[in-house]
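All remarks here apply to the structure that follows.
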Amino acid sequence: MTYTQEWDAAQVGFGPEVRALVAQALDPDPTVVVRAGTYVVDPPFFGNGDIGRVAVCGAVNELAATGAEPRHIALGIVLEAGLPLDLVHRLTASVRAAAAEAGVTIAAVDTQVVRAGEADRVFVTATAFGVRGGPPLDLASVRPGDRIVVTGPLGSHAAHLVSLRDGLGYEHHVPSDCAPLGGLLHTVGAGIHHARTVVAGGLAEVLRQCAAGRGLTLRVEESALPVRYEARVALAARGLAPLDAACAGCLCLFVPPERLQSVLTALRAHPYGRHAAAVGEVTADPMGAVELVMPDGDLHTGAAPAGSVPERLL
């Protein structure tokens with residue numbers, strides 16, 4: 001199951017009573033921020049990464065997108081009996097390397113082994129803990145006129161995995177974009193209003209949630225979306241659009257117009273932000289919709305249902 005990250009969004013399996021209890025548990029110290037996720041990847045070991053890196057980066061990125069500084073991470077790992085020992089060693093090395101790159105310590109690890117056939121080799125749950133050092137990057141801070149910025153190419157992670165699964169051969173040309181992005185966010189400082197990770201459901205899901213939650217219409221230029229050619233081809237082979245494809249190292253930022261150029265300059269100076277691009281803007285239209293402007297000028301408009309549940313991370 002996939003769970004959305006906002007407490008006010010619909011969550012599969014968790015009712016409002018459980019969400020209220022968790023919120024109360026965190027209330028005593030509002031400076032402490034916690035984000036958790038369960039990660040399943042098919043295949044769990046791929047060209048330039050694995051499920052361990054995806055889990056560490058995913059949890060750290062979700063926490064960093066709130067405006068907090070990641071400090072620690074705890075992991076729960078479920079292994080399928082019979083998993084080759086070299087893959088276990090690869091997983092543990094990957095987790096250590098990703099945590100070191102993200103600048104977090106591994107506070108706790110728990111492992112369980114299930115019978116062969118009861119898991120797809122390995123599942124990982126990751127919980128990131130951090131400290132809020134400034135105002136949160138709340139959705140309520142988004143204003144009409146804000147520019148929508150993505151920090152990297154869209155759909156590379158999904159395209160890499162799709163190509164591996166279907167034997168398309170593009171995985172050698174379009175690696176997964178999985179990366180820890182806390183440092184990237186730190187480079188832009190207080191220059192943004194809101195941040196979201198672009199994961200399950202792709203940029204389209206982020207835009208739908210933000211449009212619905214803020215009650216404003218978001219307009220995006222299709223021609224401005226950064227997408228690798230090989231990723232576009234690999235996704236098209238499965239009938240997927242880059243706008244809907246999962247990423248593992250991309251953020252969607254809402255930036256005040258007067259800060260746009262300085263934010264883009266800072267992002268592009270970072271290794272994980274070289275292809276950052278402004279792709280649209282927030283309008284004052286209260287429809288709560290997402291408008292996609294096509295290269296020929298056609299306008300595609302879709303309503304933004306609140307609390308929709310995204311697909312699982314590919």
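The values are calculated or read from the model by the stated rules, or taken from the named source; none is laboratory data. The structure presented is a predicted model; accordingly, all values stated were derived computationally and were not measured. We place every Cβ from the backbone using ideal geometry, glycine too, and count neighbours over all the protein chains shown. SASA here: full protein model, heavy atoms, side chains in, ligands and nucleic acids out. Shrake-Rupley method; radii C 1.70, N 1.55, O 1.52, S 1.80 Å.
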Projected-area mean, the stretch 219-282, by convex hull of Cα positions, square nanometres: 4.9 nm²
Please calculate the 1.4 Å probe accessible area of ASP298, with all protein chains present, and give it to the nearest 10 Å². 80 Å²
State the Cα centre-to-centre distance between the stretch 163-205 and the stretch 87-101 in whole Å. 19 Å
Show me the ranking of peptides 123-130, 220-227 by mean Cβ neighbours inside 10 Å, starting with the highest. 123-130, 220-227
Shape call, the stretch 86-143: gyration tensor on alpha carbons, a/c limit 1.5: prolate
Cys in the chain lacking any partner Cβ under 4.7 Å -> CYS57, CYS178, CYS210, CYS252
Per-pair calculated FRET efficiency, R0 = 30 Å: VAL32 and ALA81 via Cβ, rounded to 0.05: 0.20
If you take Cα extents along the principal axes in Å from the coordinates, which of [x] 55, 51, 38; [y] 59, 53, 48; [z] 85, 38, 37 do you get? [x]
Round to a whole number: what % of the accessible area of the chain belongs to carbon and sulfur, probe 1.4 Å? 56 percent
Accessible-area order (highest first, 1.4 angstrom probe) of the listed residues HIS270, HIS300: HIS300, HIS270
Hey, quick one: spin label on ARG90, modelled 7 Å out along Cα-Cβ, who in the stretch 155-179 has an amide N within reach, i.e. under 15 Å? 161, 164-165, 172, 176
Count the net charge of all other residues whose Cβ sits under 14 Å from the Cβ of ALA276, scoring Lys and Arg as +1 and Asp and Glu as -1. +3
Determine Rg/Rh for the stretch 30-118; Rg is computed over alpha-carbon atoms and Rh is the Kirkwood hydrodynamic estimate from the same atoms. 0.99
Quick one: what are the phi-derived ³J(HN,Hα) couplings along the stretch 88-103, Karplus 6.51/-1.76/1.60 with θ = phi - 60°, whole Hz, x for glycine and proline? 5, 5, 4, 5, 5, 5, 5, 4, 4, 5, 5, 5, 5, 5, 6, x
Viscosity 0.890 mPa s, temperature 25 °C: Stokes-Einstein D of the stretch 50-200 from its Kirkwood Cα radius, in µm² per second? 144 µm²/s
In whole Hz, what ³J(HN,Hα) sequence does the stretch 155-170 give by Karplus (6.51, -1.76, 1.60; θ = phi - 60°), x for Gly and Pro? x, 5, 5, 4, 5, 4, 6, 4, 5, 5, 5, 9, x, 7, x, 7
Using alpha-carbon positions, the gyration tensor of the stretch 175-314 gives root eigenvalues a ≥ b ≥ c; with a/c under 1.5 called rounded, otherwise prolate if a/b exceeds b/c, else oblate, the class is rounded
In a Debye calculation with equal point scatterers on the alpha-carbon sites of the stretch 136-211 and no solvent, what is log10 I(q)/I(0) at q = 0.12, 0.16, 0.18, 0.22 Å⁻¹? -0.44, -0.71, -0.84, -1.07
Sorted by chain and number, the residues with a modelled amide H under 5 Å from that of LEU154, at a separation of 5 or more or across chains, are VAL227, ARG228
